[in-house]
Amino acid sequence: MNQIYYFLATIAVTIAITFWAARRNSGRASFYAAEGKITAPQNGLAIAGDFLSAGTILGIVGLFFGFGMDAAPYMIGPMIGLLLMLAFIVSPLRRLGRYTLGDVIAHRLQSAQIRVVIGLCAVVISLIYLVAQLVGAGGLIAIVFGIPFNLAVMIIAALMTIYVAFGGMLAATWVQIVKAVLLVGMIAALAILCIVQAGGYARLFDLAEMSARSRDMFHFGGLHLGVFGAASLVLTLAVGMMGMPHVLIRFFTVPDEAAARRSLVIGTTVIGTAMAVVLLVIGPAGIAFVGAEETLRDASGAIAGGSNMITIHLARLLGGELLFGLMSAVALSTILAVVAGLTISISSATSHDLVLGVLTGKPLPERTEMILFRLAALITSAVATALAILFQAENITFLIVMSQTVAASTTFPLLILAIYWRGLTVAGAVSAGLFGLVSSLLGIIAGPAAWVNALGHAEPLIPTDYPALVMVPATFAIAWIVSLLTAQPASRVKSAAPL
């Protein structure tokens, strides 16, 4: 029963933050970018809050439980991406953009068409990522409250609509900051309990290896990716991270480029530390303690609630109902914070990029744009709820990688080319964006996870769930070829950085 009170307290705090922020919102600049008044340390924690999602504390532990050290690339790849983002993306992004990724690319190309394309890509990427968070939220609340998964997802969707429609980016930022602090503290506490319960860190690995279900857990190859699949996965995680809209728009919330760089350094440090502890301590502990506990299995022998719930079961085993309730509440706050940021990304891309692009760059009255922003949040909630119900059996981390596949094939190449290649043309950018979006979505749908697991077909149309190794170079190639064919002096863009 205690966990219900923790949940209600979490919801009450986040709603209080939302209405506090709502009183301070003064218009478009507040809703989209918190008026650029967030400090570097605050934004660093918010970036960590954005990144440390349900996929980190729930999905990675579930992957480790099922596939052992094959979960490691899911930590290493994004860290590489964050470091590359610091080197190549953050400064020019903050210098050129105001509210959205569309601002950055449209600034270079002076085209309404490319604003529509980049806005559409941002919506699709963020929507897939949002579905992953709702899957985690639905499973968590279904276990704690004993309610159906579908109803749990609807509750979370309603909450995220409230956060975004009333609080905007300022509310999302502070919810992410509070959540990041709570999550890091909870990860540290659970890790210490794991080590103490095992009788030492080395003993923890011994217990995991002795588990009857831990065979091959500490050897690579559990996912049977092959050379192509493994290389494509790492590429997806690294460059996909550099194109995730909900993370990139965080750099518009700080005053200048220096603050943007400092905030990413702080965020990367927090993220790297937390993920290392999850993978190297909590992951093995899940095998050692949850894997050996037969009472946590259902009639089929699977973990109750699915592999995404192993972290929650571990908290209950080691810390009783108190830690179970606290960990569940922190997991809920994690999901609430991330879904708020994702919904803002979708709503801002819709109201500021898609609509502005359709109107060929003519700005809307601010009141009208804010109405569209809220309407987009409502529609996003409805669509994401339906998709979460469809994909409820998928691992959260895997769903997140699907969104990064689209980002790697669309926003990443478009940003890099718009910033660093003066030969890019409007036609080249539009062609590459549409090609990357369509091909990556078709690749995801045709792969085993969607075509077989979700849609029920016997065999996938393509043998891998990670097509980025083909899609990313192809997107760059399309941009290069079309730009060469359509190059005119007036259509070329200036470089944002020395070549």
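The values are calculated or read from the model by the stated rules, or taken from the named source; none is laboratory data. None of these values were measured; they are calculated from a predicted model. Cβ sites come from the backbone with ideal geometry, for glycine too, and all protein chains shown count toward neighbours. Heads up: the accessible areas ignore ligands, DNA and RNA and are worked out on the full protein's heavy atoms, side chains in. Shrake-Rupley method; radii C 1.70, N 1.55, O 1.52, S 1.80 Å.
Which residues, taken from the range 218-252, are at pLDDT 90 or above and in a loop (DSSP other than H, G, I, E, B)?
Across the range 218-252, the qualifying residues are M242, G243, M244.
Please count how many residues of the range 36-72 are crowded, with 21+ Cβ neighbours inside 10 Å, of a type outside the set (A, V, I, L, M, F, W, C) and touching a helix residue (DSSP H, G or I) at 6+ places or on another chain (Cβ under 8 Å).
Result for the range 36-72: 10.
Any residue that is polar (S, T, N, Q) and crowded, with 23+ Cβ neighbours inside 10 Å - is there at least one of those in the range 287-297? Even if it seems obvious, please write down each step before you answer.
Here is the first cut: in the range 287-297, the residues polar (S, T, N, Q) are 295.
If we keep only those that are crowded, with 23+ Cβ neighbours inside 10 Å too, we end up with none.
No, the range 287-297 has no match at all.
Listed here are the residues, each with its yes/no results for (1) of a type outside the set (V, I, T); (2) in a helix (DSSP H, G or I); (3) buried (at least 23 other Cβ atoms within 10 Å of the Cβ).
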residue	(1), (2), (3)
L151	yes, yes, no
I162	no, yes, no
W174	yes, yes, yes
K179	yes, yes, yes
L182	yes, yes, no
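Out of all the residues in the range 304-313, is one or more among the hydroxyl-bearing types (S, T, Y), open to solvent by 40 Å² or more (accessible area, probe 1.4 Å) and either within 26 Å of F391 (Cβ to Cβ) or assigned to a loop (DSSP other than H, G, I, E, B) (or both)? Talk me through it step by step, then tell me what you get.
So the first thing to find is which residues in the range 304-313 are among the hydroxyl-bearing types (S, T, Y), and the list is 307, 311.
If we keep only those that are open to solvent by 40 Å² or more (accessible area, probe 1.4 Å) too, we end up with 307.
Within this subset, residues satisfying the condition of being either within 26 Å of F391 (Cβ to Cβ) or assigned to a loop (DSSP other than H, G, I, E, B) (or both) are 307.
So far as the range 304-313 goes, yes, one or more of its residues are among the hydroxyl-bearing types (S, T, Y), open to solvent by 40 Å² or more (accessible area, probe 1.4 Å) and either within 26 Å of F391 (Cβ to Cβ) or assigned to a loop (DSSP other than H, G, I, E, B) (or both).
Considering (1) touching a residue at least 40 places away in the same chain (Cβ under 8 Å); (2) in a helix (DSSP H, G or I), say which one L317 fails and leave the rest.
Looking at each condition in turn, L317 falls short on (1).
Table: residues versus (1) buried (at least 21 other Cβ atoms within 10 Å of the Cβ); (2) closer than 24 Å to M75 by Cα.
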| position | (1), (2) |
| --- | --- |
| K362 | no, no |
| E366 | no, no |
| A377 | yes, no |
| A384 | yes, no |
| I396 | yes, yes |
| L414 | yes, no |
| I419 | yes, no |
| A427 | no, no |
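Considering each residue of the range 429-458, count those that are modelled with pLDDT of 90 or more and either part of a loop (DSSP other than H, G, I, E, B) or surrounded by fewer than 16 Cβ atoms within 10 Å (Cβ to Cβ) (or both), and give that number.
2
Mind listing just one residue for me: the one in the range 196-217 that is of a type outside the set (S, T, N, Q) and at pLDDT below 80 and, of those, least open to solvent (accessible area, probe 1.4 Å)? Let's see the steps before the verdict.
Start the filter on the range 196-217 by keeping residues that are of a type outside the set (S, T, N, Q), which leaves 196, 198-210, 212-213, 215-217.
Going one step further and asking which of them are at pLDDT below 80, we end up with 209-210, 212-213, 215-217.
On the way: E209: 109, M210: 123, A212: 92, R213: 101, R215: 179, D216: 108, M217: 11 Å².
Across the range 196-217, the extreme among qualifying residues is M217.
Mind checking whether some residue in the range 352-369 is part of a loop (DSSP other than H, G, I, E, B) and aliphatic (A, V, I, L, M)?
At the first step, the residues of the range 352-369 found to be part of a loop (DSSP other than H, G, I, E, B) are 359-365.
Within this subset, residues satisfying the condition of being aliphatic (A, V, I, L, M) are 359, 364.
Yes - at least one qualifying residue is present in the range 352-369.
Using the structure shown, decide if T464 is outside any helix (DSSP H, G or I) and either among the polar types (S, T, N, Q) or closer than 20 Å to L120 by Cα (or both).
When the stated conditions are applied, T464 passes them.
Any residue in the range 303-314 that is modelled with pLDDT under 80 and in contact with a His (Cβ under 8 Å, 6 or more places away or on another chain)?
yes
Give the range 90-120 a look and list any residue that's among the basic types (K, R) and either surrounded by fewer than 21 Cβ atoms within 10 Å (Cβ to Cβ) or under 20 Å from the mean Cα position of the chain (by Cα) (or both), or say none.
Taking the range 90-120 and keeping what is among the basic types (K, R), we get 94-95, 98, 108, 115.
Once the filter is applied, which keeps residues that are among the basic types (K, R) and either surrounded by fewer than 21 Cβ atoms within 10 Å (Cβ to Cβ) or under 20 Å from the mean Cα position of the chain (by Cα) (or both), the range 90-120 yields R95, R98.
Out of (1) open to solvent by less than 30 Å² (accessible area, probe 1.4 Å); (2) over 30 Å from I38 (Cβ atoms); (3) in contact with a helix residue (DSSP H, G or I) (Cβ under 7 Å, 6 or more places away or on another chain), the odd one out for G301 is which?
(3)
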